[in-house]
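Just below is one structure, and these are the notes that go with it.
Throughout, read-outs are computed from the coordinates displayed, never taken from laboratory work. Just so it is clear, the model here is predicted, and its values are computed rather than measured. Note that we place each Cβ from the backbone using ideal geometry, even for glycine, and neighbour counts take in every protein chain shown.
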Amino acid sequence: MSRFAFAAIALFATAAPALAEFQPVREERNFRALVEGRELTRFGVRLQVLPQGEIRGRGFGVQVGGRWEWRNGYFCRTLEFGSSGDPYNCQLVLRNGSTLRFVSDQGQGDSADLRLRNPS
């Protein structure tokens, strides 16, 4: 996640449940089942992770797009927002109920929690 995107998400992050409560999503089919037909949301951010490998949505009034693939148990993606972008990064995905936590750099970097919601 780029410094800008992470900073934006971190600005509205609230206290998250302890890491022990999150369980890893290891299989692509499980990840797809979680996000299919749903939005990932968090204060001012609404994203869809689409089956054909596309990411679409808006973040703080700016169009967001990108590409994704599942590689070796990680969600790997690029993001573009406004005139900026975020380079390819593979992220560990963890789940706690309807919250997905994305941890950059294969689980070694910064994290962001997004809620799964049905589109309105």
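Looking only at residues in region 46-70 that are of a type in the set (A, V, I, L, M) and either farther than 17 Å from N118 by Cβ or in contact with a helix residue (DSSP H, G or I) (Cβ under 7 Å, 6 or more places away or on another chain) (or both), the one that is surrounded by the fewest Cβ atoms within 10 Å (Cβ to Cβ) is V62. In the set (1) in a loop (DSSP other than H, G, I, E, B); (2) in contact (Cβ under 8 Å) with a residue 40 or more places away in the chain, Q52 fails one condition alone, (2).
Filtered by the rule that a residue be in contact with an Asp or Glu (Cβ under 7 Å, 6 or more places away or on another chain) and surrounded by 18 or more Cβ atoms within 10 Å (Cβ to Cβ), region 71-88 gives a lone residue, L79. Among all residue pairs at least 6 apart or on different chains, which show Cβ distances below 6 Å where the first residue, located in region 68-86, is closer than 20 Å to Q106 by Cα and the second is outside any strand (DSSP E or B) and of a type in the set (K, R)? If the second residue must be outside any strand (DSSP E or B) and of a type in the set (K, R), the pairs left are G73/R26.
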